[in-house]
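Presented below is the structure to which this report refers.
The values are calculated or read from the model by the stated rules, or taken from the named source; none is laboratory data. Since we're looking at a predicted model, the values are computed, not measured. Here the Cβ positions follow ideal geometry from the backbone for every residue, glycine too, while neighbour counts run over all protein chains shown.
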Amino acid sequence: MEVFFELIGDAESLRTVCEQLSKEPVLGFDTETTELDPYLGELRLVQFSTGKRSVIIDIRRFGSDPRANRDLEPLRELIESERTVKVAHNSKFDAKWVRHHLGCEVGGIFDSYLASQLIAAGESDRRHSLADVVQFFIGTELDKTQQVSDWSADELSQLQLEYAARDAAILVPLYTQLKERLEADGLTRVAELEFNAVMPVTDMELTGFYLDAARWRENIEAIRQERDRVADELQEMLSAGVSQSSLFGRPEINLDSQAQVHDALSNLGIPVPESTRASVLEPLAEEHPPVAKLLEYRGLQKSLTSFGENFLEFIHPKTGRVHSDFRQIGAPTGRFSCSNPNLQQIPHETAYRRCFHAGAGKTLIVADYSQIELRILAEFSGDTNFIGAFQSGVDFHAAAAAQVFNVRAEDVSPDQRSFAKRLNFGVVYGLGAARFAAMTGLSQAEAEGTLRKYFATYPDLDGYLRKSGDSALRTRLARTASGRLLKLRYDENDRAAAGAARRFATNMPIQGTSADILKRALRLIHDELRGTSGKLVNIVHDEIVLECDEADSTSVSEKLKTAMVSAAREFVKAVPIDVDVAISPDWTK
DNA sequence: GTGAAGGGCCAC
DNA sequence: AAACGTGGCCCTTCAC
């Protein structure tokens, strides 16, 4: 296919072409860069295409500091304009470069990567690279060989420029196809929600989260010493079951090998089940000291390997901060996932969390939704008693315990509250009696009885969960409040698979609506933070962390709370929403 | 040496 | 007969 393009490298033609392009309703939008990291590389090209006409802007021709170059103002206006839809594939990438190197936001985002993920609706075998999406929705091959070519050469080759133009041009027909499919599948609202969340996520990744390396190292050192001591004691205990085979002390067992540890424990006469995971070992720990020691070792070792020295490698040499990768549709439910490093799995202990703190003169605002998934479940079920437990305004689990066990709120025993709490969390996931018995120590019959009592207290909750599961299995579809879609695939002859599919499909609308709410909140707070010192630094499913000037902490925290409550209100009408906000020097509460 | 699978465990 | 949902990262093991 022959590709036509205009190469723009001077102020006058840039002004002219931007004025013409700004009249277009839809433009393909792409960038070429010399690196993958916007803090390390150069934004070389910005491309637009109407599908017929493609324009390549060579940013290098506008000097080494494009942020400061007034000649690029028409370009910034075009990029920021909400009137012209910008179709980009994984727009977060382009938005980061534009944000950092041109100093503007991208307005009117339509992201073909996110759109393709929404349409795939959880079908995991679908791929979402631009080439894959083009192949699937248009049916043509896209040559990506130039993607990794050298974009730092002063004279770009004809091949490179054609590639750059073609990548932008293909996005327009792709947009037509994707838009049609989004509408046909009832995904317009959720698509809007996703596209509006791209800029907040872009800014959050660029800002990064400050991690105090010195504090982190102190923590590691203390744990390492503890780990070495415990490992030694454990080796000693395990070798008691083995005949002395060497003059040089006991044979070493690899404590990280399940197989070796399993054998060693068996040799000591400890009846270890096939699995050696913590939940099956815990009941044995009291009677058998080596098992207790193993669990202690595992905890320390996990800390050291997942949250040890390696974590510090993620501190960026230029910014001194950690810039994780947030995948906006990381799970089929619509939840984010996070990697390199995963800031959504930092242990709760203060020792870790206090290493993430605000810079000098700054403070963190840490806000999270209280019981958001249970409130969503209450909303969906419409169950009067369940909603009533939230409306009572007191401790929810205690209120539920009072209802389930039919006692006055002030007479709820700690045990009753604990049962209610575990049931409340469990029902969201489709908890069964066997599992409930295992985690509480109740007999199977007692567990069944308690579950029955629970659902008798909340008959409409019971009804909702059954109906929701039935309908999902029948239609093989589930949706969240924003319309996010999940296609279920399972073998109906496989009972276990069908059971898992039911639990997944019942949980998805709840977990997914929580994700919808968070994404809506991200957009609202992003808009509210313009012109303030506030910046997003982290999100963890139902939690948002901001950093701002100490002087602004009160006003920013109020903005955050308002945004989060408003976002939830768009989806949850009948149940009160509660957001806990803390102003804190570090990521503790 | 590299990569996938499986076990294990951190978060919500 | 019966496994409570979603992720990422680490390690060992095993195949290539």
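Numbers at a glance
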read-out	value
Residues of the stretch A:10-47 satisfying the condition of being small (Gly, Ala, Ser) and modelled with pLDDT of 95 or more	A:11, A:13, A:22, A:28
Test: residue in the stretch A:74-84 that is in contact with a Ser or Thr (Cβ under 9 Å, 6 or more places away or on another chain), assigned by TED's automatic domain parsing to the domain that holds residue A:155 and charged (D, E, K, R)	yes
Number of the exception - residue A:311 against (1) of a type outside the set (D, E, K, R); (2) within 9 Å of DNA strand B (Cβ to nearest atom); (3) surrounded by 17 or more Cβ atoms within 10 Å (Cβ to Cβ)	(2)
Boolean, residue A:42 is of a type in the set (D, E, K, R), buried (at least 24 other Cβ atoms within 10 Å of the Cβ) and touching a residue at least 24 places away in the same chain (Cβ under 8 Å)	no
Residues being within 29 Å of the chain's Cα centre (by Cα), closer than 23 Å to residue A:331 by Cα and part of a helix (DSSP H, G or I) - total across the stretch A:429-486	9
Number of positions in the stretch A:77-92 that are surrounded by fewer than 19 Cβ atoms within 10 Å (Cβ to Cβ) and not acidic (Asp, Glu)	3
Test for residue A:353: is it modelled with pLDDT of 90 or more and within 11 Å of DNA strand B (Cβ to nearest atom)	yes
Selected residue (only one of A:296, A:221, A:226 is exposed (fewer than 13 other Cβ atoms within 10 Å of the Cβ) and outside the structural domain of residue A:338 (by TED's automatic domain parsing))	A:221
Verdict on residue A:398 being surrounded by 14 or more Cβ atoms within 10 Å (Cβ to Cβ) and of a type in the set (Gly, Ala, Ser)	yes
Residues that are of a type in the set (D, E, K, R) and crowded, with 21+ Cβ neighbours inside 10 Å, drawn from the stretch A:164-192	A:166, A:167
Evaluation of residue A:386 against (1) within 16 Å of DNA strand B (Cβ to nearest atom); (2) at pLDDT 90 or above; (3) of a type outside the set (Val, Ile, Thr) (one fails), failing number	(1)
Residues (under 15 Å from residue A:346 (Cα atoms) and among the β-branched types (Val, Ile, Thr)) located in the stretch A:276-314	A:305
Filter result for the condition that a residue is in contact with an Asp or Glu (Cβ under 9 Å, 6 or more places away or on another chain), farther than 16 Å from residue A:368 by Cβ and not hydroxyl-bearing (Ser, Thr, Tyr), over A:535, A:589	A:535
Given (1) at positive phi; (2) free of Cβ contacts under 8 Å to residues at least 12 places away in the same chain, index of the condition residue A:541 fails	(2)
Test: residue in the stretch A:139-161 that is among the β-branched types (Val, Ile, Thr) and crowded, with 23+ Cβ neighbours inside 10 Å	no
Qualifying position, being more than 25 Å from the chain's Cα centre (by Cα), closer than 25 Å to residue A:530 by Cβ and among the aromatic types (Phe, Trp, Tyr), among A:29, A:110, A:93	A:29
Residue A:141 being among the charged types (D, E, K, R), at pLDDT below 95 and farther than 26 Å from residue A:319 by Cα	yes
Residues being over 27 Å from residue A:511 (Cβ atoms) and buried (at least 20 other Cβ atoms within 10 Å of the Cβ) - total across the stretch A:530-553	4
Verdict on residue A:305 being among the hydroxyl-bearing types (Ser, Thr, Tyr) and within 13 Å of DNA strand B (Cβ to nearest atom)	yes
Lone qualifier among A:367, A:378, A:389, A:398 - being closer than 26 Å to residue A:581 by Cβ, assigned to a helix (DSSP H, G or I) and under 28 Å from the mean Cα position of the chain (by Cα)	A:378
Any hit, the stretch A:439-455, residues being touching a residue at least 12 places away in the same chain (Cβ under 8 Å), small (Gly, Ala, Ser) and surrounded by fewer than 22 Cβ atoms within 10 Å (Cβ to Cβ)	no
